[in-house]
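**Student:** Pasting a structure below so you can have a look.
Read-outs: derived from the displayed coordinates by stated rules, not from any lab. What you are looking at is a predicted structure, and each value in this text was computed from that prediction instead of being measured. Methodologically, a virtual Cβ is constructed for each residue, glycine included, from the backbone with ideal geometry; neighbour enumeration extends over all protein chains shown.
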Amino acid sequence: MDFKNKPKVSIIIPVYNGESYIQDTLQNVIKQTYKEIEIIIVDDGSKDQSYNKLLAISKNDSRIKLFHKSNGGMSSARNYGLKQVTSEYVTFIDSDDYISIDYIATLINPFLVGDSVEISVVGYQRIFDYNPNKFTNVKDISLLNSTEGLNECLLQKKGYDVSVCSKLYKTSLFLNCNFIEGIAYEDFEMTPRLFAAVSDNGEVAVIDAIKYLYMKTPNSIMTSSFQKRDMDILYVVRSGGKFVVEYLPGAESAYRAKAIAGVFGVYRKALWTKADKEDSKELFNELRSMTRQIRWHNGFSKKELLVSIIVLLGEKLSTPIVMLITKLLQQL
């Protein structure tokens, strides 16, 4: 496809202490086949040599706009980056992840074909080591309404997810949507609000292709040891559940399934790392409350069934089972 005279796309990359991997991440960003891009890099108060490395890289590419700010966390850095955007379209990349060289070309294509697309989505895959063979060609593109598109992300089919990465947005969607700063699981909190911001006649282009590789590291939220901030998951699913019921009611069941999976993941970490018993109990009680809301006649996920059985067994009896599940997952 000829991409001459096409609209510019902004790429926001927050960086914090990423000196060991940011250069590798940027290689494929700089090599994008779609050339009309601005690369907005926000150094979020790194204490290592990240900023100096980025400064050297930026001198060789005028499309890179490098900013430095005091540390405020991922949401703060993304909000800062959004203020620097000068284009109609924006996407996010985490500083230790990888994109295919046709990532932007794939995501922008549905916008160029039709006027109604406001979000495009590609699949992603979790990896431990970079392997370009994990990227796949486009098999199909589905044009869905906002509820249907969110359901695809919540149910995590074909590599779709609630991460704000692996998606391209009309920048106008962020006019009334900022990332909440100071919380964990900010993507799970933000994504339903972005899909709800899609206009009544707007569409979500769901692209069947893996174009984003998410690096699993010891320090990532989902793989690290339990921390007190992990309890933010309760605020996220409680507020998000109410939001979805009000603004995206057709996504309620899928949201509950994802919320159960999210809280169960934190509960497993809490048990594994012997967190405060009151925290574990609150997480278990939330799982009990959510499983009671499952409408079994409408279908259910395997994780919903598993968590329902664990809840029926009770906190004490189910603990050895949860610990075994955690041990097995760590070996994958």
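**Student:** Quick one: grab the alpha carbon gyration tensor of the stretch 47-90, order the square roots of its eigenvalues as a ≥ b ≥ c, and give me rounded if a/c is under 1.5, else prolate or oblate depending on whether a/b is larger than b/c. Show your work: numbers first, answer last.
**Tutor:** Values: a/c = 3.09, a/b = 1.10, b/c = 2.82.
Oblate is the answer for the stretch 47-90, as a/c is 1.5 or above yet b/c matches or exceeds a/b.
**Student:** Around Ser318, under 12 Å between beta carbons, what's the net of Lys plus Arg minus Asp minus Glu among the other residues? List each step's numbers first, then the result.
**Tutor:** On the way: positive: Arg268, Arg288, Lys316; negative: Glu315.
That sum, taken over residues with Cβ under 12 Å, equals +2.
**Student:** Which lysines, on any chain, are close to Lys316 with Cα under 27 Å apart, when same-chain ones fewer than 8 places away are left out?
**Tutor:** Lys228, Lys258, Lys269, Lys274, Lys277, Lys281, Lys302, Lys303, Lys327
**Student:** Would you mind checking which residues have amide H under 5 Å from Val117's amide H? H placed 1.01 Å from N; only 5 or more apart, or other chain.
**Tutor:** Glu203
**Student:** A further question follows. May I ask you to evaluate 6.51 cos²θ - 1.76 cosθ + 1.60, the Karplus curve with θ = phi - 60°, for each residue of the stretch 111-128 and list the ³J(HN,Hα) values in order in whole Hz, giving x for glycine and proline?
**Tutor:** 5, 6, 7, x, 7, 8, 6, 10, 9, 10, 10, 10, x, 9, 9, 7, 9, 9
**Student:** In terms of the Cα gyration tensor, with a ≥ b ≥ c the square roots of its eigenvalues, is the stretch 131-225 rounded because a/c is under 1.5, prolate because a/b exceeds b/c, or oblate?
**Tutor:** Since a/c reaches 1.5 but b/c is at least a/b, the shape of the stretch 131-225 is classed as oblate.
**Student:** Highest GNM mean-square fluctuation, the chain, Cα pairs closer than 10 Å: which of Glu38, Glu278, Glu304?
**Tutor:** Glu278
**Student:** Cα centroid distance between the stretch 302-329 and the stretch 141-188, in Å?
**Tutor:** When both Cα centres are located, 29 Å separates them.
**Student:** So what's the angle, to the nearest 10 degrees on a 0 to 90 scale, between helix 186-196 and the longest Cα principal axis of the chain?
**Tutor:** Here the helix axis deviates by roughly 70 degrees.
**Student:** Related question: Considering only the other residues whose Cβ falls under 15 Å of the Cβ of Asn201, what net charge follows from Lys and Arg at +1 and Asp and Glu at -1? Walk me through the numbers on the way to the answer.
**Tutor:** Details: positive: Lys170; negative: Asp115, Glu118, Glu148, Asp200, Glu203.
Residues close to Asn201 contribute a combined charge of -4.
**Student:** Each residue of the stretch 202-213 in turn: what ³J(HN,Hα) in whole Hz from Karplus with 6.51, -1.76, 1.60 and θ = phi - 60°, glycine and Pro shown as x?
**Tutor:** Once rounded to whole Hz, the list reads x, 10, 10, 8, 9, 9, 7, 6, 8, 10, 9, 10.
**Student:** Tell me, what HN-Hα J-couplings in whole Hz come from the Karplus equation 6.51 cos²θ - 1.76 cosθ + 1.60 at θ = phi - 60° for each residue of the stretch 172-179, using x for Gly and Pro?
**Tutor:** Values, residue by residue: 4, 5, 8, 4, 10, 10, 10, 5 Hz.
**Student:** Another one. Suppose the Debye formula is applied to equal point scatterers at every Cα of the chain; what is log10 I(q)/I(0) at q = 0.11, 0.14 Å⁻¹?
**Tutor:** The Cα Debye sum returns log10 ratios of -0.73, -1.17.
**Student:** Any chance you could run the full-extension gain for Asp276 through Lys303? It's 0.36 nm times the residue separation minus the Cα-Cα distance, nm to one decimal. List each step's numbers first, then the result.
**Tutor:** On the way: separation 27, 0.36 × 27 = 9.72 nm, distance 2.46 nm.
Contour length minus the Cα-Cα distance gives 7.3 nm.
**Student:** Using the Cα centre of the stretch 183-332 as origin and beta-carbon charges of +1 (Lys, Arg) and -1 (Asp, Glu), tell me which of Ser239, Thr326, Ser253 is placed farthest towards the positive end of the dipole.
**Tutor:** The Cα lying farthest towards the positive end belongs to Thr326.
**Student:** Follow-up question, since we're still on this one. Please sort 305-314, 72-81 by packing, taking for each peptide the average over its residues of neighbouring beta carbons within 10 angstrom, highest first. Could the numbers behind the result be given before it?
**Tutor:** On the way: 305-314: 16.2, 72-81: 20.8.
Per-residue mean Cβ counts within 10 Å order the peptides as 72-81, 305-314.
**Student:** Sticking with this one: Okay, helix-only estimate at 222 nm for the chain: each DSSP H run of n ≥ 4 adds -39500 (n - 2.57), divide by all residues, round to 500 deg cm²/dmol; what do you get? Before the final figure, lay out each step's value.
**Tutor:** On the way: 11 runs with 139 residues, N = 332.
So the helix-based figure for the chain works out to -13000 deg cm²/dmol.
**Student:** Assigning unit charges at the beta carbon (Lys, Arg +1; Asp, Glu -1) and nothing else, what dipole magnitude in debye, to the nearest 20, does the chain show about its Cα centre? Write out the running numbers ahead of the final one.
**Tutor:** Working: 41 positive and 39 negative charges, 135 e Å.
Charge dipole of the chain: 640 debye, to the nearest 20.
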